[in-house]
Amino acid sequence: MGGVTSSIAAKFAFFPPSPASYVVVADESCGGRLYMPEAPRRDDVDVLKLRTRKGNEIVAVHVKHPKATATLLYSHGNAADLGQMFELFVELSLRLRINLMGGVIESFLMYDYSGYGQSTGKKVLWCKGCGFELYGMPRARHVNTHRNSTVVSNFRPSECNTYADIDAVYKCLKEQYGVKDEQLILYGQSVGSGPTIDLASRVSNLRGVVLHSPILSGLRVLYPVKRTYWFDIYKNIDKIGVVKCPVLVIHGTGDEVVDWSHGKQLWELCQEKYEPLWLSGGGHCNLELYPEFIKHLKKFVLTIGKSKAATNGSKKTAVDSDNSQSKTSDSGTSDAFELSTELPEASRNSLDSRLEKSKKTNKPEKSRMSTDHVDRFRRRKGLVW
């Protein structure tokens, strides 16, 4: 029963662009270094392929800086892939490098979920007409049932895979790039708030978390339920209280996909609240176009950077004082890669939405950060969030 629930949930949760907007090619003249022909080649960008504990191979892009003192790990929304967001991601990374007065220099890593772009996942037969897996129904019979539909075979995403995906990226940052937990900022947009909060609930010493138009849980996007059911997915409402680092929540008050009450309640449940940003009239995927967005995000990055530096400084003073008495040296906490083995239940498969382009003239134009669009079939069925 749980597997069926998981599969059904995925139909209305993930909408990876098809076909993928990019390919990954190895440049033999550069020792097999990977790159995306669709994106400008840059010396400070690494294109990576990472193996997850589920056996999938995911693609990640790391915009690095040789003197980085912080790293932002970005989990994107439900209807875009790396190729569509690459240029905007690089632009965002340049804007957030507050290195003139603040001394905060960031590197950035964004990844595709299993089943998105060139990342692999569970391969299934499904109908492009209705979005459902065939579950053994003969292909010809299904096509006859849905006229003008096409049955295709490709990789479909799942919620439990996104948890494995972000763990693989986290492990890469720790082991390959030497990023410490206290240097890491997790950023989750919309459905990306699921894997972001999940990882943050299991890693106690993160520098900070940013939740951009987040969801309380999958079911709560569809229905105003008052309790968490076993078949619900991305149970952020039950995990956010365990997160021990500063949390910034950004949500638009005009969000017609995920009501801004989701962001408000998550913020209220945080242990360490940072001043939230409620953008008046902001939609689900256009918040980056508001001037307050980048300004507030910069302020958050700078503030938690100073706070972490002050905390580390006080700890160092205390350690030095102790060492002067005992003349023994301690290296402090270990930076070895560790994650709780008690992972959340293999919940079902994520919930996010396609977005209808706003028709209100007093709102900013649709952001390039979103490629979401409304599927007519799902809108008629009331299944778009």
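Could you calculate the FRET efficiency of L94 with K299 from 1/(1 + (r/R0)^6), where r is the beta carbon distance between them and R0 is 22 Å, rounded to 0.05? Rounded to the nearest 0.05, the efficiency is 0.80.
Debye-formula intensities of segment 163-210, expressed as log10 I(q)/I(0) at q = 0.22, 0.31 Å⁻¹, are -0.74, -1.30 (one equal scatterer per alpha-carbon, no solvent). Here the Karplus curve 6.51 cos²θ - 1.76 cosθ + 1.60, taken at θ = phi - 60°, turns the phi angles of segment 42-51 into couplings of 9, 5, 8, 10, 9, 9, 10, 10, 10, 8 Hz, with x standing for Gly and Pro.
Treat segment 180-270 as a sphere of radius equal to its Kirkwood radius over Cα pairs and apply Stokes-Einstein at 37 °C in a medium of 0.692 mPa s; give the translational diffusion coefficient in µm²/s, rounded to a whole number. Roughly 253 µm²/s, to the nearest whole number. Of the GluC sites (Glu not before Pro) in segment 23-71, the ones in a loop by DSSP (not H, G, I, E or B) with at most 16 other beta carbons within 10 Å are E38. The listed residues K244, K226, K174 rank as K226, K244, K174 when sorted by accessible area, largest first, using a 1.4 Å probe. Shown is the FRET efficiency for E292 and R53, computed with R0 = 56 Å from the Cβ-Cβ distance and rounded to the nearest 0.05: 0.90.
Sorting K49, K180 by accessible area puts them as K49, K180; the probe is 1.4 Å, largest comes first, and only protein heavy atoms count. Across the cross-link table entries K171/K239; K67/K239; K49/K298; K49/K244, which are compared at the Cα atoms, the separations over 27 Å belong to K67/K239; K49/K298; K49/K244.
The values are calculated or read from the model by the stated rules, or taken from the named source; none is laboratory data. Please read these numbers as outputs of a predicted model, since none were measured by experiment. Using ideal geometry, Cβ is built from the backbone for each residue, glycine included, and neighbour counts are taken over all protein chains shown. Each accessible area value is taken on the protein alone, full model and side chains, heavy atoms only, with ligands, DNA and RNA left out. Shrake-Rupley method; radii C 1.70, N 1.55, O 1.52, S 1.80 Å.
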